[in-house]
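*Asks:* The structure is given below, and queries will be raised subsequently.
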Amino acid sequence: VQLQASGGGLVQIGGSLRLSCAASGRLFSRYAMGWFRQAPGKEREFVLAIAWSGATTNYADSVKGRFTISRDNAKNTVYLQMNSLKPEDTAVYYCAADLYGSGSMSKGGYQHWGQGTLVTVSS
């Protein structure tokens, strides 16, 4: 599966942004989808993920209550809704896919990665 992330941009502190990740192929519904981010000079870190079944979602503590993940299997797309954005949310955001996954929080759990989209939170 090939992944294409989009929707990044410049947003003010406290604002909202929705990222999209469009997948090619017919097996999208069988993939767990995750979002990771990488800030300048830092390691790529887990943000949140949704199981292939949709039954489970996992969140990083830093985004709980602010970010949500959803998927539309008919559109082969997963979304990351980000609210109450903070400067520390500034990063390149990557989507990733894990066949029959349960929503791993580990980078190594994903077989396919998108190219990333930049989110900048500024005053």
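The values are calculated or read from the model by the stated rules, or taken from the named source; none is laboratory data. None of the values given here were measured: they were computed from a predicted structure. Cβ sites come from the backbone with ideal geometry, for glycine too, and all protein chains shown count toward neighbours. Keep in mind that these areas ignore ligands, DNA and RNA; they rest on the heavy atoms of the full protein, side chains included. Shrake-Rupley method; radii C 1.70, N 1.55, O 1.52, S 1.80 Å.
*Asks:* Within the group R44, R30, R26, which residue is of a type outside the set (F, W, Y), touching a residue at least 60 places away in the same chain (Cβ under 8 Å) and over 23 Å from G9 (Cβ atoms)? Don't jump to the end; show me each part of the working.
*Replies:* Values: R44 fails: over 23 Å from G9 (Cβ atoms); R26 fails: touching a residue at least 60 places away in the same chain (Cβ under 8 Å).
Within the list R44, R30, R26, the selection yields R30.
*Asks:* Name the residue, out of G9, G54, G15, G34, that is at pLDDT below 95 and open to solvent by less than 60 Å² (accessible area, probe 1.4 Å). I'd like the intermediate steps shown before the answer.
*Replies:* Values: G9 fails: at pLDDT below 95; G15 fails: at pLDDT below 95; G34 fails: at pLDDT below 95.
One residue alone meets the criteria, G54.
*Asks:* Considering only the range 69-88, I want to know if a residue exists there that is of a type in the set (F, W, Y) and either without any contact (Cβ under 8 Å) to a residue 40 or more places away in the chain or buried (at least 21 other Cβ atoms within 10 Å of the Cβ) (or both). Spell out the reasoning first.
*Replies:* Step one: filter the range 69-88 for residues of a type in the set (F, W, Y), giving 79.
From what is left, the residues that are either without any contact (Cβ under 8 Å) to a residue 40 or more places away in the chain or buried (at least 21 other Cβ atoms within 10 Å of the Cβ) (or both) are none.
No, that holds for no residue.
*Asks:* Continuing with this model, one more query. Do the conditions hold for D61, that is, is it over 19 Å from Q4 (Cα atoms), crowded, with 18+ Cβ neighbours inside 10 Å and of a type outside the set (A, V, I, L, M)?
*Replies:* Numbers: over 19 Å from Q4 (Cα atoms): yes; crowded, with 18+ Cβ neighbours inside 10 Å: no; of a type outside the set (A, V, I, L, M): yes.
When the stated conditions are applied, D61 does not pass them.
*Asks:* Residues that are under 18 Å from E45 (Cβ atoms), of a type in the set (S, T, N, Q) and out of contact with any Lys or Arg (no Cβ under 8 Å at 6 or more places or on another chain): find the strands (runs of 3 or more DSSP E) completely inside the range 65-117 holding 1 or more of those.
*Replies:* Values: elements: 67-72, 77-82, 91-99.
Here the list reads 67-72.
*Asks:* Can you tell me which residues in the range 42-55 are in a loop (DSSP other than H, G, I, E, B), out of contact with any helix residue (DSSP H, G or I) (no Cβ under 7 Å at 6 or more places or on another chain) and closer than 18 Å to K107 by Cβ? Show your work before the answer.
*Replies:* So the first thing to find is which residues in the range 42-55 are in a loop (DSSP other than H, G, I, E, B), and the list is 42-44, 51-55.
Filter once more, so that each one left must be out of contact with any helix residue (DSSP H, G or I) (no Cβ under 7 Å at 6 or more places or on another chain): 42-43, 51, 53-55.
Once the filter is applied, which keeps residues that are in a loop (DSSP other than H, G, I, E, B), out of contact with any helix residue (DSSP H, G or I) (no Cβ under 7 Å at 6 or more places or on another chain) and closer than 18 Å to K107 by Cβ, the range 42-55 yields K42, E43, A51.
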